[in-house]
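All remarks here apply to the structure that follows.
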Amino acid sequence: MSNSGRKKPRLVADKRYGAPKASSGAKPRKPSPKRVARPRKSRSRNPIVRFVSGVFSWVFRLVWGIGWRLGAVVLLIVGLAVGYTYTTLPEVDEFLDGRARGSVTLLDREGDVFAWRGDQFGGVVTADTVSSHLKNAVIATEDKRFYMHPGVDPIGIASAIRINLSEGRGPLQGHGGSTITQQAAKLLCFGVKYDRTQWESEAAYIRDCRRTSLARKLKEAVYAMAMEAKYTKDEILSIYLNRAYLGGGAYGAEAASQRFFGKGAAQLSISEGAMLAGLLTAPSTLAPTANLERSQNRASVVVRLMRDQGYISASDAATALAQPAELSEAAERQAGGYFADWVMSSGPEFFTRDTTEDVIIRTTLDQRMQTAAEEALSYIFENKVREGSKAQAAIVVMSADGAVRAMVGGRKTRVTGAFNRATQAKRQTGSAFKPFIYATALELGYTHDSTVVDEPFCLDVPGSGRWCPANYTRNYYGRVTLTDALKNSLNIPAVKISESVGRDLVRKVASDFGIESDLDAGPALALGTSESTLIEMTGAYAGILNGGSSVTPYGLVDLRLLGDEESLMGTTGGIRERVIQEDAARELIWMMHQVVQSGTGGRAKLPDREVAGKTGTTQAARDAWFLGFTADYVAGVWMGYDDNTPLTGVTGSGLPAEIWHETMLRVHEGVEPRPLPMLRPAPKPVPSQPVRREPQGGNAIENLLRGLFGAQ
């Protein structure tokens, strides 16, 4: 059988040993290319290089080996610390109000809030109930990655360290890169509660909670991560919004919103929310009640951050920047700073200065009159006192029963905790003391038209030698009535009357009227050498106005706990015992009325109502007073220097009387005029003149005699 055209099958041997060589007629196979061996890089034969390389390789392996093991141990320790801290965290509600003490809210006589003291807390808010503008402003300002990090933000920390180093500070000084969670952890003091038995003061406790060190930052990070594991993001934000201090004594968003804007935190606008968020950086410095313009400038930065991060539109940002947040009417006035401090000092400490409860105090303050007194003082110093003068002044306005309606303790009226010259400064009273001498005399039977001789006069004072007082004018007027002696503020008659009725009785009457300071035992008592406070003197004059009964000046009407209807305590003052008879008081009022009508107090005269009062100037004009009253209100004014420097060209009949006049003009706006309750002397009969009669008849001689001697 022919097999032409078919390929011969390969033999087994061919498969084992390779194909047979092709015949000469077959096409030769192309040989595969030979692999060219690449030359090996020869190792350096330098032993030093090999040694150094080996050392570095060994060190790297060692560090890496220790590093990841150490990292694993640190992570394990941190995880255990976070887990343990997690187990110690209470429910979120326990962290929302962390004040160590309570607050005091002061209401005026109409029931309107005018001042706050203590740690003000307006009530619990949550991230869901506050205005979205406040919530977004806080996140934009304090922690823009709040909803992304686990409590610690490495990016923020690295950025803060870079900024601190670039500004020449230490890595942990200045910017901290803290998240809102870390700040909340610090506000919670890592769960350590304030214990007054363990700390010198609350301030020391807070300082310790706020101090920064590497160990504290690690503890802060652990606590923050535990909070992130325990609470939701909005619960953490709620803790922060309730516990953060926002200036002006306000803790938490609700208290600050009520304090500065007179509205709840849920009602805040973009500009108001931005202002509160801006306070978190430096609440005491940036508080709008301390410096509104600075607070508004900081708020504008926050508004731009909100715009840049997409929380508000460009048009909304432009509107907010054009219409910055303004203080509420009550916050803007900051009414009664001196008055509020005085009320706080006069109430029980455990319900005022050191209260752990939230307290509401209703007071006697009249905000309209407070404004009147402040404006009057400002007007006189701007228009009648030389520029740059360091002289001070104080004003007290009260009702005849001792209820204080206004109080100015110095030229700076919008202050808290300042020295109150109306209640704390004891100064010599000068001639303002003289009404109590004449009150004693009238009680003992003298009358307004009793007389005394004004003449050079000397006394031998045991232990002091001969004492010869003089009138302010150095002139003497002979026999004068008590009324003339008082209205012209003559010293000699005052001393003589005081010696006549007895100094002890004068001291008793003055003391019973409410002058509690130590009174001079010598004859100079009559010239007002004893010291007293303005509020004491004003209260004593109120006793004259009300008919001769002493009063205790008071500002507190009632005190109750927040949420309670029942008062825990009532008024702390008012009308007390009778000191002189009503007729004597009414006659004294008439005499004091003459001081204003035609005596030294003429500048205090009011155009539409009767005024009674008395001037007072001490030796070398170190103190100048005017105290007086209408039928409705009593007011006292003191003027002088804090360091007892003599006043230049100022007496009680001058600037103090003018301050009194300007104050009472404003106080009595809208008040119907009423006559003073004084004993008005019956007019003295005018001596009758002889009636000339025309002569009737008779001769010329008779008519002449009648003309010379009168009719018979």
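The values are calculated or read from the model by the stated rules, or taken from the named source; none is laboratory data. Just so we're clear, the structure is a prediction, and the values are computed from it rather than from any experiment. Here the Cβ is made from the backbone with ideal geometry for all residues, glycine too, and neighbour counts use every protein chain on show. Calculation scope for accessible area: heavy atoms of the full protein, side chains included, ligands and nucleic acids excluded. Shrake-Rupley method; radii C 1.70, N 1.55, O 1.52, S 1.80 Å.
Some notes on this structure:
- Span from the the range 501-517 Cα centroid across to the the range 238-298 one, whole angstrom: 52
- Helix axis angle, 434-443 relative to the chain longest principal axis, alpha carbon, degrees: 50
- Per-peptide average of other Cβ atoms within 10 Å, ordering 539-545, 288-294 highest first: 539-545, 288-294
- Farthest towards the positive end of the charge dipole of the chain, among the residues TRP467, ALA604, LEU482, is the Cα of ALA604, using unit charges on the Cβ of Lys, Arg, Asp and Glu.
- About the centre of its Cα atoms, the chain shows a dipole size close to 9200 debye [charges on the beta carbon of Lys, Arg (+1) and Asp, Glu (-1) only; nearest 20 debye].
- The ratio of the alpha-carbon radius of gyration of the range 283-356 to the globular-protein estimate 2.2 N^0.38 Å is 1.62.
- Net charge of neighbours whose Cβ lies under 14 Å from the Cβ of ASN644, counting Lys and Arg as +1 and Asp and Glu as -1: +1
- Pairwise Cα distances in the chain exceed 49 Å for 45 percent of all pairs.
- Average projected area [Cα convex hull, the range 533-576], square nanometres: 3.8
- Kirkwood-Stokes translational diffusion coefficient of the range 483-618, alpha-carbon pairs, 10 °C, 1.306 mPa s, µm²/s: 95
- Accessible solvent surface per residue of the chain, calculated while the other protein chains remain in place, 1.4 angstrom probe, Å²: 53
- Directionally averaged shadow of the range 220-360, computed from the convex hull of its alpha-carbon atoms, nm²: 10.7
- Reported to the nearest whole Å, the Cα centre-to-centre distance from the range 368-385 to the range 529-607 is 22.
- Pairs over the 30 Å Cα-Cα cut-off, from the set LYS193/LYS230; LYS193/LYS233; LYS412/LYS496; LYS426/LYS508: LYS412/LYS496.
- Close amide H partners of THR571, meaning residues 5 or more places away or on another chain with modelled amide H under 5 Å apart, do not exist here.
- Shape of the range 197-245, Cα gyration tensor, a/c cut at 1.5: oblate
- Only Lys, Arg (+1) and Asp, Glu (-1) charged, at Cβ; the range 428-520 dipole about Cα centre in debye: 240
- Accessible area, probe 1.4 Å, largest first, for residues LYS684, LYS263, LYS508: LYS684, LYS508, LYS263
- Global form of the range 312-412, assessed from the alpha-carbon gyration tensor, a/c cut-off 1.5: oblate
- Dipole of the chain, positive direction: furthest Cα of ALA624, PHE60, GLN370, with charges on the beta-carbon: PHE60
- Rounded to the nearest 20 debye, the dipole size of the range 521-661 about its Cα centre is 520 debye, using +1 on the Cβ of Lys and Arg and -1 on the Cβ of Asp and Glu.
- Principal axis extents of the Cα atoms in the range 356-442, from largest to smallest and rounded to whole angstrom, are 50, 38, 24.
- Expected 222 nm ellipticity per residue - DSSP helices of 4 or more, -39500 (n - 2.57), all of the chain, to 500: -12500 deg cm²/dmol
- Across the chain, the mean sequence separation of Cα contacts (distance under 8 Å, 6 or more residues apart), normalised by length, yields a relative contact order of 11 percent.
- Between 0 and 90°, nearest 10: helix 270-279 axis offset from the chain longest Cα axis: 90
- Tilt relative to the chain, helix 292-308 - C-alpha long axis, 0 to 90 degrees, to 10: 20
- Considering only the chain, percent of DSSP beta bridges that pair antiparallel, nearest 5: 90
- Highest to lowest packing among 615-628, 456-469, scored as the average C-beta count within 10 Å: 615-628, 456-469
- Distance from the range 189-204 to the range 610-681 (C-alpha centre basis), Å: 49
- Dipole orientation for the range 537-591: of the candidates LEU559, GLN581, GLY570, GLN581 has the Cα lying most toward the positive pole (charges on Cβ; Lys, Arg +1; Asp, Glu -1).
- In the range 291-353, the portion of solvent-accessible area held by carbon and sulfur atoms comes to 48 percent [1.4 Å probe, whole percent, DNA, RNA and ligands not counted].
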